[in-house]
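Input: a single structure, listed below in structure tokens.
The values are calculated or read from the model by the stated rules, or taken from the named source; none is laboratory data. As the structure is a prediction and not an experimental result, all values here were calculated from the model. A quick note on method: Cβ atoms are made from the backbone with ideal geometry, for glycine too, and the neighbour counts reach across all protein chains shown. All accessible areas refer to the heavy atoms of the entire protein, side chains included, with ligands and DNA or RNA removed. Shrake-Rupley method; radii C 1.70, N 1.55, O 1.52, S 1.80 Å.
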Amino acid sequence: FLKKQYKEPIMVSSTDGVGTKTIFILENMENKLGMRVLGQDIVNHCINDILVKGAIPLMFLDYFASSSIDSELVKSFVEGVSLSCRHSFCNLMGGETAEMPGVYQPGKIDIVGTIVGVVEKSKMINGKKDIKLGNKVYGLKSNGPHTNGYSLIRRIYSQNKDLRVFPELLTSHKSYLDEIKLLWRNKIQINGLCHITGGGFYDNIPRVLPEGLGVDLNFEIQDIYRKLGDIGGIEDRELLTVFNCGYGMLIFVEEGVEMPRGYDYLGEVCEGEIKINC
């Protein structure tokens with residue numbers, strides 16, 4: 001298959017988890033529905049991780065562990081995994097289910113995913129090489145915190161027992177594969193992609209930039225994060241380091257490129273540090 005479709009296929013892989021979002025979801029959603037959300041979470045997170053190199057998903061494997069396995073919960077989890085795999089034309093190859101009392105606390109679970117994708121060598125996205133001074137930065141809106149920041153979210157809720165659960169906190173991690181495929185179909189050259197995950201803007205953006213370059217961004221922190229920040233007494237810098245604050249994927253393109261509707265202009269590549277004006 002690869003020899004027919006690619007001249008020089010490069011395999012790209014990633015392994016990641018959903019962290020303490022598992023606890024928050026199962027505390028605030030009906031269990032079966034929550035497990036489907038977590039199943040979608042792990043697939044879409046992994047898809048985005050390899051997408052930043054220009055890779056499309058080929059196969060996915062999951063790891064589900066708990067002190068005691070509930071077959072109905074595992075079934076709902078696999079339904080969520082399967083849903084996201086089907087949507088992205090990714091083969092679900094299997095995985096591991098582990099029951100380990102004493103290692104995991106009763107009622108708590110651990111979810112990990114491994115994905116393998118492929119990209120043509122000549123089309124691999126490499127921001128460290130291709131991003132240039134003056135490149136424009138566009139953002140794709142997120143639908144919630146994805147799988148990051150839930151330890152802080154849980155702390156805020158533990159200190160504010162009457163705080164209602166915001167619906168954005170119960171959504172699955174969004175995949176940006178369709179939006180990036182649209183740019184490829186429109187022949188738009190992508191110089192760099194940045195998935196805003198753990199570490200937020202200040203930790204993730206430098207990973208894709210050449211040495212000596214930064215970004216100057218201007219956008220409004222999404223209302224849900226403002227509310228969490230106000231309730232928890234969290235300053236903007238920390239919000240932008242923990243959460244995606246409304247934008248889950250950043251796209252770097254040449255100046256003058258016309259982007260489709262829904263791709264929000266956020267700023268440009270500059271010399272020096274990461275500057276974010278909110």
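Inspect the range 87-110 for any residue being over 30 Å from Lys123 (Cα atoms), assigned to a helix (DSSP H, G or I) and either charged (D, E, K, R) or in contact (Cβ under 8 Å) with a residue 12 or more places away in the chain (or both) and give the result as yes or no. No, the conditions are met nowhere in the range 87-110.
Within the range 104-112, is there a residue that is under 19 Å from Ile180 (Cα atoms), within 19 Å of the chain's Cα centre (by Cα) and β-branched (Val, Ile, Thr)? So far as the range 104-112 goes, no, none of its residues is under 19 Å from Ile180 (Cα atoms), within 19 Å of the chain's Cα centre (by Cα) and β-branched (Val, Ile, Thr). Restricted to the range 16-67, and to residues there that are in contact with a Ser or Thr (Cβ under 9 Å, 6 or more places away or on another chain) and among the hydroxyl-bearing types (Ser, Thr, Tyr), the residue that is farthest from Arg154 (Cα to Cα) is Tyr63. Beta carbons closer than 8 Å, at least 6 apart along the sequence or on distinct chains, pair a first residue in the range 198-209 that is under 13 Å from Lys128 (Cβ atoms) with a second that is surrounded by fewer than 19 Cβ atoms within 10 Å (Cβ to Cβ) and among the aliphatic types (A, V, I, L, M) for Ile205/Ile274; Pro206/Ile274. Which of the residues belonging to the range 108-137 are over 30 Å from Met35 (Cβ atoms) and touching a Gly at 6+ places or on another chain (Cβ under 7 Å)? Result: Val119, Lys123, Met124, Ile125, Gly127, Asp130, Ile131, Val137. Only strands (runs of 3 or more DSSP E) whose full extent lies in the range 175-278 are considered here, and the ones with at least 1 residues that are open to solvent by less than 40 Å² (accessible area, probe 1.4 Å) and of a type outside the set (Val, Ile, Thr) are 192-195, 213-218, 247-253, 264-271. The condition (being in contact (Cβ under 8 Å) with a residue 24 or more places away in the chain, part of a helix (DSSP H, G or I), surrounded by fewer than 19 Cβ atoms within 10 Å (Cβ to Cβ) and basic (Lys, Arg)) is satisfied by just one residue among Lys132, Lys128: Lys128.
Of all residues in the range 176-203, which are closer than 15 Å to Met259 by Cα and aromatic (Phe, Trp, Tyr)? Correct list: Trp184 only.
Going by the structure shown, is Asn143 touching a helix residue (DSSP H, G or I) at 6+ places or on another chain (Cβ under 9 Å), of a type outside the set (Asp, Glu) and within 14 Å of Ile251 (Cα to Cα)?
Taking the combined requirement at face value, the residue does not satisfy it.
Please specify each residue of the range 213-246 satisfying the condition of being touching a residue at least 12 places away in the same chain (Cβ under 8 Å) and on the phi > 0 side of the Ramachandran plot. If the condition is that a residue be touching a residue at least 12 places away in the same chain (Cβ under 8 Å) and on the phi > 0 side of the Ramachandran plot, then Cys245, Gly246 are the ones that fit. Scanning the range 149-165 for residues that are touching a residue at least 40 places away in the same chain (Cβ under 8 Å) and in a loop (DSSP other than H, G, I, E, B) turns up Gly149, Asn160, Leu163, Val165.
Any residue in the range 166-190 that is of a type in the set (S, T, N, Q) sitting within a Cβ distance under 6 Å of a residue that is open to solvent by less than 20 Å² (accessible area, probe 1.4 Å)? List the pairs, counting only those 6 or more apart or interchain. Within 6 Å, the pairs are Thr171/Gly144; Ser172/Val37; Ser172/Asp41; Ser175/Asn44; Ser175/Ile47.
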